[in-house]
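Notes follow the structure.
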Number of protein chains: 4
Amino acid sequence: MSELSNALLEEIIEEVRPLTRQGKVADYIPALAGISPDQLGMAVYAADGSHYQAGDADTRFSIQSISKVLSLTVALTLYDEPEIWQRVGKEPSGQAFNSLVQLELEQGKPRNPFINAGALVMCDLLESRLTAPRLRMLEIVRRLAQQNDINYDRVVARSEYEHSARNAAIAWLMKSFGNFHNDVSKVMETYFHYCSLAMSCNELARTFFYLANQGRSLGEDVTVISPRHARQVNALMMTSGMYDGAGEFAWRVGMPAKSGVGGGIVAVIPGVMSIAVWSPALDSSGNSLAGTVMLEKLTERLGRSIF
Amino acid sequence: MSELSNALLEEIIEEVRPLTRQGKVADYIPALAGISPDQLGMAVYAADGSHYQAGDADTRFSIQSISKVLSLTVALTLYDEPEIWQRVGKEPSGQAFNSLVQLELEQGKPRNPFINAGALVMCDLLESRLTAPRLRMLEIVRRLAQQNDINYDRVVARSEYEHSARNAAIAWLMKSFGNFHNDVSKVMETYFHYCSLAMSCNELARTFFYLANQGRSLGEDVTVISPRHARQVNALMMTSGMYDGAGEFAWRVGMPAKSGVGGGIVAVIPGVMSIAVWSPALDSSGNSLAGTVMLEKLTERLGRSIF
Amino acid sequence: MSELSNALLEEIIEEVRPLTRQGKVADYIPALAGISPDQLGMAVYAADGSHYQAGDADTRFSIQSISKVLSLTVALTLYDEPEIWQRVGKEPSGQAFNSLVQLELEQGKPRNPFINAGALVMCDLLESRLTAPRLRMLEIVRRLAQQNDINYDRVVARSEYEHSARNAAIAWLMKSFGNFHNDVSKVMETYFHYCSLAMSCNELARTFFYLANQGRSLGEDVTVISPRHARQVNALMMTSGMYDGAGEFAWRVGMPAKSGVGGGIVAVIPGVMSIAVWSPALDSSGNSLAGTVMLEKLTERLGRSIF
Amino acid sequence: MSELSNALLEEIIEEVRPLTRQGKVADYIPALAGISPDQLGMAVYAADGSHYQAGDADTRFSIQSISKVLSLTVALTLYDEPEIWQRVGKEPSGQAFNSLVQLELEQGKPRNPFINAGALVMCDLLESRLTAPRLRMLEIVRRLAQQNDINYDRVVARSEYEHSARNAAIAWLMKSFGNFHNDVSKVMETYFHYCSLAMSCNELARTFFYLANQGRSLGEDVTVISPRHARQVNALMMTSGMYDGAGEFAWRVGMPAKSGVGGGIVAVIPGVMSIAVWSPALDSSGNSLAGTVMLEKLTERLGRSIF
């Protein structure tokens, strides 16, 4: 078994480099379609605060659906649990991330907070309680990542909004069932801004350290959420964090994780480390192809997974 | 935090006793409908081989779908992985355990080996390679549990077979897609025999110790499956082991587990312990209601989950 | 067998009067929920231009989905057929009139022009070709009905718009598949105005006379659509005009017909007569309960159906 | 407009001959796959008993799903209507003829008697009341067609039975919902025998004359079913007789009709004539491609449809 080190991460990066040309960069909006698939990054924060990185770990990219974990995290700090779980479930969907079929059959209650419908409900919850939900999210990620210049990529946010027909359909369908309370356009704007957050692997690994550390952040040691909530968010990432590829990912990698179509994946081994990987080309489930293999190799080399 | 002890298990049993009347005993076959819901059992084997138990831990009951883990385990010893995974997936279904909707839309390939369709495919695989699949399974569980009188409950097996229309529909649908190779009746007979295995909590906890022990059994220290396969089966139980309640179970309990409608649940914390609980009354997802709470309390008291 | 006469229509009205309390008045918008279920009307125009009526045949009500036949009719005058049928099908849906399930599975192409999705596409087509689609529709119905004060009920139109979340979801879903070209809000406004047309049985029977008369209107004898198109619209009403109750209606009544949730139904026997009935209380499929029986009785008394 | 004549039928046959190579002969069983697509037949019985024919009108072929009309007809003579309609619906399915999705969602009640599930229920009904359902059907068609040598094609029946996995799944699914009472294999044997009936266009047009003649047969003038039932069966053929192409067929042809994958279609204009056409190559909905065009041309030439 290997030990964590920059060399180990670099080794892994080199091994997966040939895979970067196998998947397909997200192309549903022009702002993402232009990203070069040649980029590869990896960063780790171990439980003791030590930090490791390799490749393009400082290059910022669009975190996309990784932001869904942040929306849920913020909702957990603003609401009592029953207020959240009466509006969204905790089960894997067994369907594509943007399908309306299940949402209609289940009366407008999304399966979990990590599919689009569920994340839109989280944003709707935030809209009801926060006066400036976009500003608030920036404050949170800047503090967690300890980087004051993290920001939204407004070109991406605008581009997403202009291609948002499917998400609008989802939001309106939930509204028809009474499960959407605020203005659809306004909440979608917030949702797309969150998706457009531009962060690097280093920033992401640091930001999500709280999930590996019983809810407490690195550095200032702030309690983000309770230890129980941290365990629970990890559980939810395990069963529903990787779109309709969660089972395969658990089987191969065995870590709670959340991916985004920008090619990023954050993963944690509770009590051990938080990890962020990035490679823009995606597999057929919409998860970073080389990113998944980086995590698989890391788990094999360290002999560590949660199973 | 508490330490593992018989006293701790007994404490938990007493705490959940009031819940035994809240769920509903499975009643789709007469042989199960007659079970008294007052029974409660719990057994643990720790990594060091130490053993704990409480309540009706020696009473045998119908293990039902818990046997699906055994079918997969045996299949993993008989086939190369691709031969298995081309015929069954690894994803949560997001549907009832016996639904045909998804099976038709996905061309007869079951979502995972722990729903009925997937387990029937596992039995079909065993039928193709074993001359006496029922006898072989008995040998395996007798050796793992170190109990030579474990047997099928033929009344239950017969009763299941007589109420097997839905499973026959599932098997024939898969046959229509070319994903079922042997005689439907014959494979269903095997499937129902496996479901009818009568085992106690003590026997189950000992049998499934290999999943907490990198694939190696307790006692004779036999390699049941490789460490990698053990990790992978655990991952699959995590995402798909608890019917359409896997997400909620992961959120509350945070352990890989598999339940049966007989009221049993087996769970593991890899490297730490294997657990079996039993309480016949089921929740709305078909999982033991008090059994789930027993596991939840155990995880809280020990401060241990996989997250 | 009876002959057509005012007396026959009055007889039928009296026979069905006890049924007016059995169904349920549409209550999804306040403006419809307040309608008294005691009202009953019936009007017939025979092929020779003779006219019969009974009950509240001069009371105007909200024609609702009956307007979907008018939208299709206008579309047929503005577009070549392939331009229409590449965007909407001709098959019965086998689903509720406002379901999104089938629409998603069939890539945003509605099953037929008489479900909401299909009618929205018709309105989208009209929007693309007409500078004032609402004014144009008024001109058409005023001329066909020979009544210059027919108008939209703006209270109903407004109320529908305020409860339009489901239709917005449908329109946005079609937009996500590229099958909706104009502004969603604007087209929905037109759609709800058409639904809100307030017309009486006498006016409706006269308006839809063209479907019984090879496409030519009564009175001024204007060609509304070609004989072939008239036959085809009748065929479409036969298979898809009565929501998910078209088969039952064909079985019992045997006439091409279109119903609205305002309680109206228009029906024709080609070459013989056009009929309009009205009774606000609806059956479980959303069709006028007493209205269906009125048509059934008329067909029995006259010994006339299309079968 | 033309008059009915052998010459007219021959003209139509020649016009559609180029189309016989466009569709695709059914190939799910070898016994059908071998049929030459070059064959074309057409036969008409007018209301006055006069008879017209062209092409291969005497060649027998497998009537397949056309037999579903006969099963329903026989059921209507054996049962009170409510006994039938509590077990099968009257609505178009909006789905493929052999789908299980809708059947599961609708609790094992088939949408109508002309999809496989519904026809299997009809055969199950016949099995419960007839001692020799196969013999009885032969007697009926021999009398109606006035041909004593009409028989089952046992090679086809056997071949169907050997490829019956999908139908077995359907039957077992209905059994799981309590909507199938007899032995699945036995009823399927009857079902496949009915499908395998070998009849010519001339025999079919004569057999189904009762649907154009208020329920009375040609020749011996036997009452097959009541005038009301005849109207109703026609209505059902109109909405559900042409698989998932019923709407398109109504739009183009405008006659109640039932097709079979053997390439035959029977159609009627009530009070006017019964028609049978045959051309083995099928369109994408499973209906005879050239057969549909033959009927379309006949309706155009005669200026007759039911609309």
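The values are calculated or read from the model by the stated rules, or taken from the named source; none is laboratory data. Here the structure is a predicted model, which means the values were calculated and not measured. Using ideal geometry, Cβ is built from the backbone for each residue, glycine included, and neighbour counts are taken over all protein chains shown. Remember, those area values only see protein heavy atoms, side chains included, never the ligands or the DNA or RNA. Shrake-Rupley method; radii C 1.70, N 1.55, O 1.52, S 1.80 Å.
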On Cα atoms only, tilt of D:133-145 relative to the major axis of chain D in degrees | 20 degrees
So what are the ³J(HN,Hα) numbers for region C:53-67, from phi and the Karplus equation (6.51, -1.76, 1.60; θ = phi - 60°), rounded to whole Hz, Gly and Pro as x?
-> 7, 7, x, 7, 6, 9, 7, 7, 9, 7, 7, 6, 5, 4, 5
How long is region A:66-195 along each principal axis, judged by its Cα atoms, biggest number first, in Å?
-> 44, 34, 26
Starting from the amide H of C:Leu282, placed 1.01 Å from N in the peptide plane, find each other amide H under 5 Å away whose residue is 5 or more places distant or on another chain.
-> C:Lys24, C:Val25, C:Ala26, C:Leu289
at A:Ser2 the sorted inter-copy label distances (label 7 Å from Cα on Cβ side), in nanometres, are 4.2, 8.0, 8.9
Net charge over other residues, Cβ less than 15 angstrom from the Cβ of A:Asn287 (K, R count +1; D, E count -1) | 0
Normalise the Debye intensity by I(0) for region A:232-288, one equal point scatterer per Cα, no solvent, then take log10 at q = 0.22 Å⁻¹ and round to two decimals.
-> -0.78
At 7 Å along the Cα-to-beta-carbon direction for both C:Arg134 and B:Asp38, put a label point, then send me their distance in nm to one decimal.
-> 7.2 nm
Choose one of B:Val74, B:Leu8, B:Ala96: the residue whose Cα lies farthest towards the positive end of the charge dipole of region B:1-116 (beta-carbon charges +1 Lys, Arg; -1 Asp, Glu; about the Cα centre).
-> B:Ala96
What accessible area, summed over both chains, is buried at the A-B interface (1.4 Å probe, Å², nearest 100)?
-> 2700 Å²
Choose one answer from B:Tyr152, B:Tyr161, B:Tyr79: the residue with the largest mean-square fluctuation in a GNM of chain B with alpha-carbon springs under 10 Å.
-> B:Tyr79
Using a 1.4 Å probe on the protein chains only, how many percent of the accessible area of region D:66-195 belongs to carbon and sulfur?
-> 46 percent
Can you list the distances in nanometres, one decimal and ascending, from the B:Asp58 label point to the identical position in each other copy, with the point 7 Å along Cα to Cβ?
-> 6.8, 8.7, 9.3
Using a simple charge model, +1 on the beta-carbon of Lys and Arg, -1 on the beta-carbon of Asp and Glu, nothing else, what dipole does the protein assembly as shown show about its Cα centre, in debye to the nearest 20?
-> 0 debye
Of D:Pro133, D:Asn112, D:Trp85, whose Cα points farthest to the positive end of the dipole of region D:66-195 (charges on the beta-carbon: +1 Lys, Arg; -1 Asp, Glu; origin at the Cα centre)?
-> D:Pro133
By how many degrees, 0 to 90 and rounded to 10, does the Cα axis of helix D:289-302 deviate from the longest principal axis of chain D?
-> 50 degrees
Each residue of region D:278-288 in turn: what ³J(HN,Hα) in whole Hz from Karplus with 6.51, -1.76, 1.60 and θ = phi - 60°, glycine and Pro shown as x?
-> 8, 7, x, 6, 9, 8, 5, 8, x, 9, 3
Counting every C-alpha pair in region A:173-212, the percent lying more than 17 Å apart is 54 percent
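For chain C, with only Lys/Arg (+1) and Asp/Glu (-1) charged at the beta-carbon, what is the dipole magnitude about the Cα centre, in debye rounded to 20?
520 debye
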Expected max-MSF residue from D:Leu130, D:Leu40, D:Leu173 in the GNM of chain D (alpha carbon, under 10 Å) is D:Leu130
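Given region D:43-92, report the % of alpha carbon pairs whose separation exceeds 15 Å. Present the calculation step by step, with values, prior to reporting the outcome.
Values: 818 of 1225 pairs.
Cα-Cα pairs in region D:43-92 separated by more than 15 Å: 67 percent.
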What are the ³J(HN,Hα) values, in whole Hz, obtained from phi via the Karplus relation 6.51 cos²θ - 1.76 cosθ + 1.60 with θ = phi - 60°, for each residue of region A:197-207 in sequence order, with x given for Gly and Pro?
-> 3, 9, 9, 9, 4, 4, 5, 5, 4, 5, 4
Along the Cα-to-Cβ line of D:Ala47, 7 Å from the Cα, sits a label point; which residues in region D:257-289 have backbone N less than 16 Å from it?
-> D:268-275
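Based on alpha-carbon positions alone, could you give the equivalent ellipsoid semi-axes of chain D from the gyration tensor, as √(5λ), descending, whole Å? All intermediate terms of the calculation are to be shown ahead of the outcome.
Numbers: eigenvalues 163, 86, 68 Å².
With the √(5λ) rule applied to chain D, the semi-axes are 29, 21, 18 Å.
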With all protein chains modelled, accessible area of A:Ser36 [1.4 Å, Å²] = 50 Å²
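What dipole magnitude, in Debye to the nearest 20, does region B:65-195 give about its Cα centre under +1 on Lys/Arg Cβ and -1 on Asp/Glu Cβ? Each step should come with its number before you reach the end.
Details: 15 positive and 15 negative charges, 28 e Å.
I would put it at about 140 debye.
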For helix B:6-16, what angle does its Cα long axis make with the longest principal axis of chain B, in degrees from 0 to 90 and rounded to 10?
-> 70 degrees
Which residue fluctuates the most in chain D, going by a Gaussian network model with Cα springs under 10 Å, if the choices are D:Phe114, D:Phe177, D:Phe208?
-> D:Phe177
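Compute the relative contact order of chain B as a whole-number percentage, counting only Cα pairs closer than 8 Å that sit 6 or more residues apart in sequence.
On the way: 616 pairs, mean separation 84.1, N = 307.
So the answer I get is 27 percent.
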Other-chain or far-sequence residues with amide H under 5 Å of C:Asn151's (modelled H) = C:Ala198
What percent of all Cα-Cα pairs in the protein assembly as shown falls in each 10 Å bin, counting up from 0?
-> 2, 9, 16, 18, 18, 16, 12, 7, 2, 0
May I ask for the distance between the Cα centers of region A:199-217 and region B:31-78, given as a whole number of Å?
-> 39 Å
Note the distances from B:Glu14 to each other copy's matching label point, with points 7 Å along the Cα-to-beta-carbon direction, in nm, sorted shortest first.
-> 6.3, 8.1, 10.0
Per the rotation taking chain D to chain A, min distance Cβ-to-axis on chain D (residue, whole Å) equals D:Leu105, 4
